[in-house]
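No value in this document is a laboratory result; all are computed from the given coordinates. Being a predicted model, the structure only gives us computed values, none of them experimental. Using ideal geometry, Cβ is built from the backbone for each residue, glycine included, and neighbour counts are taken over all protein chains shown.
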Amino acid sequence: MKPDRLYTREDWPHIPGSTRRRRAFRKDVVELDCDVVVVGSGAGGAVVASELAEGGLNVTVVEEGGYHPTESFTPDAGDAIRRLYRDGGAIMALGDPPVTYSEGRCVGGSTVINGGMTWRTPEKILGRWAREDWVEGITAAEMDSTFQRVERFVSAKHQDPWTVGKDNKILHEGALKRDWDVIPNIRNQFHCAGTNNCAFGCPTGAKRSTLVTYIPRSLHFGARVLANCRVDRVTSQGKRITGVEGHLVTTTKQNGFPFRIHARRVVLSAGAIHTPGILFRSGVVSPSGRLGHNLSLHPNVKVTAIFDEEIRGWEGVHQAYQVREFQSEGLVFAAVNIPPSIAGMTLPFYGAELRDLMKDYPRMVIAGMLLEDTETGRVRNVAGKPVATYQLSDFDGQRLVRGTALLCEMLFGMGAQRIVLPFEGVPDLKSADDVKRLYAQKIPKECMELVTVHMMGTCAMGGDRARHVCDSWGRVYDTEGLLVADASLFPSPIGVNPMETIMALATRVAATILAEGRVPAKAYA
Amino acid sequence: MSELADFRLSKAARRTLAALAPIVLTEEVDELGIRDEVVDGVELFLRSIPVAVRVAILAGIVTFEATARAVPSSLGRGFSRLPPELAAAHFARYWHSPLGALKQLARGMKMFLVMSYYEHPTKLAQLEYHPDRWIAQVAQERLERFAEEIREHEAQVTAPLPLPADVPRALPLAGGGQS
């Protein structure tokens, strides 16, 4: 059942508290008023909305995607991708090689489709942000209570051991055998059953995405959530923000009802691609000239290892462990089972070769590697849409090859018979001896198959308006009442999964808004 | 609730994809009797992607079909009317093309067909891939084992817990202004 105060396409235009203004020769516009409008309902938006609503402010959350409750989640990957992912998950940061990126577009945002890794920002990263970017109040000690609060709401815990599947056990044992540092993941879950359906919506609700935590909390404290609503631009009078304008998302070529929300403050939490996109469309100019710059991606590659024994990687929790041995080099490894449709479409074969390989699907261990990148890309505004460009550096390309080789060595050590590489044109590996060849080989980065789900940094925060887009508290420089609360704020990549960092920064943004107090409505009349 | 665009593949595009299916997926797609359903699955996926990308893909499919006519051995026939060996050779030319756009098109078409094929229940049953059974089993076990704890935890979701004073925040600026 749909919760109270959460409105979807079917409810329009009769949103309680709204007025419908008639316009000559144009569609009627639906208007609403509130203290704060939050754009996006993922790790950033839902947290801000919840904290502000509990703090007594009148909050409206605007989410472009639809509302899909826990009961609607199944292992049908294709259906989930079509419903829960932006643009069917088929978006690329342009470059050579391109990087395919995915983000959630549903109530709960990417927290509905992520793996549930819940890690605090590493201390060295917080230290760097304080030292080099002059971010205030960001040391590990200062952030401790904020992280604790987030961890409590999303139930950040270690996995129950009986839910760990065979693929993850292989990764764990393989790492231990080589005396590598391997740790159990902390995940936002409450007695996760190990369904391995994290990326397609948790069918038990055990993964504590914002869909089942901060969004219900926001609604409970009086916030309103408008699903299927796309924000076109932020409205302003001079530098003072007055709200947002947008339209109902429909399934036809025609835009749905236009809406206008009058608000004293606007918080953008649309992610590192779309938050700068909205700012561009709104004509916001950063004095730093850095809006949309500084895009980091944590590029990922994956290897597919075939074992003699049956693995059945779909039985057991997603990413139970992380190999942290090479974290100082910016490399983190994990076992990441994916369903046959996605495994098959990303394998570099077709015809009989693909058919024969896919027969081994139950014997596959799919392992991935996250790279803390050193190069940055950019988001630009192209005909009103944000377009990302990103060029992998030679140095990062070399580290990806090294990481892949290390991962392959470990998998062969555990009995892998064959490993398919994420490098097009490079033959599969059949033994540990082949890995030596990989170390020695110069692999052009253009042939690497890169994916990511961690987009960061395009509205970087910091204490220098000449270098940063937002101040330490997410407020966009040279505007009044406009804030950012998502991974756009990161001044640099963090080298671990970003959800908890986003949530913690969003908590700070909410605290700042509450500290500023309710702005009198007449100031914005 | 549908999030999908109102779009249907043209007959010509369906013909091209249907002809490509046995090359990408082998004759197994016909042995399982699911060729049309695989093309339906591609259409479903195309409904979820942005219009501009969809238009580019459809233009690519038309190009792929038409360029077969330029090959002398095709005798002026489009891709979907070629005999199997010539059709396979045409796709292979795209797959191995030194031109990035052609290569990407071949990979794109392959990805759509493979995604649709390996989502089909008949194919998944053949692979003995039954995640639904696994999910049902472990979800039930979770409820049996932790029902009380889960109820208590869910009740905590909406319990009041005001933001503590030690969460870092900016000090209010004079006049309510902005940085």
Q: On a 0 to 90° scale, report how tilted helix B:131-156 is relative to the longest principal axis of chain B, with both axes built from alpha carbons and the result rounded to the nearest 10.
A: 20
Q. Restricting to chain A, what percent of DSSP beta bridges are antiparallel, rounded to 5?
A. 65
Q: Enter the mean projected area of the convex hull around the alpha-carbon atoms of the protein assembly as shown, in nm², rounded to one decimal.
A: 30.3
Q) If the viscosity is 1.306 mPa s and the temperature 10 °C, what translational diffusion coefficient in µm²/s does Stokes-Einstein give for segment B:11-120 when Rh comes from Kirkwood over Cα pairs? A) 113
**Q.** Distance from segment A:87-162 to segment A:311-382 (C-alpha centre basis), Å
**A.** 19
Q: In Å and from the alpha-carbon atoms only, list the Rg and Dmax of segment A:374-459.
A: 16.3, 52
Q. Hey, can you rank A:69-76, A:459-466, A:25-32, A:470-477 by average C-beta count inside 10 Å, highest first?
A. A:470-477, A:459-466, A:69-76, A:25-32
Q: Treat segment A:162-289 as a sphere of radius equal to its Kirkwood radius over Cα pairs and apply Stokes-Einstein at 4 °C in a medium of 1.567 mPa s; give the translational diffusion coefficient in µm²/s, rounded to a whole number.
A: 68
Q: Could you tell me, in Å, what Rg and Dmax come out for the Cα atoms of segment A:25-84?
A: 15.5, 47
Q) Which net charge results when you count Lys and Arg as +1 and Asp and Glu as -1 among the other residues whose beta-carbon is under 10 Å from that of A:Glu63? A) +1
Q | Inter-chain shielding of A:508-517 (mean C-beta neighbours from other protein chains, 10 Å cut-off) | A | 5
Q | Shielding by other protein chains, A:345-355, mean Cβ within 10 Å | A | 6
Q: Holding the Cα-Cα limit at 32 Å, pick out from A:Lys169/B:Lys103; A:Lys430/B:Lys110; A:Lys385/B:Lys103; A:Lys157/A:Lys442 the pairs that are longer than that.
A: A:Lys169/B:Lys103; A:Lys157/A:Lys442
Q) Which whole number gives the average count of other chain Cβ atoms within 10 Å of the Cβ atoms across peptide A:150-162? A) 1
(Q) Based only on other Cβ atoms within 10 Å, what is the fewest-to-most ordering of A:Ile273, A:Ile183, A:Ile91? (A) A:Ile183, A:Ile91, A:Ile273
Q.
Kirkwood hydrodynamic radius, computed over distinct alpha-carbon pairs, for segment A:147-223: how many Å, to one decimal?
A. 14.2
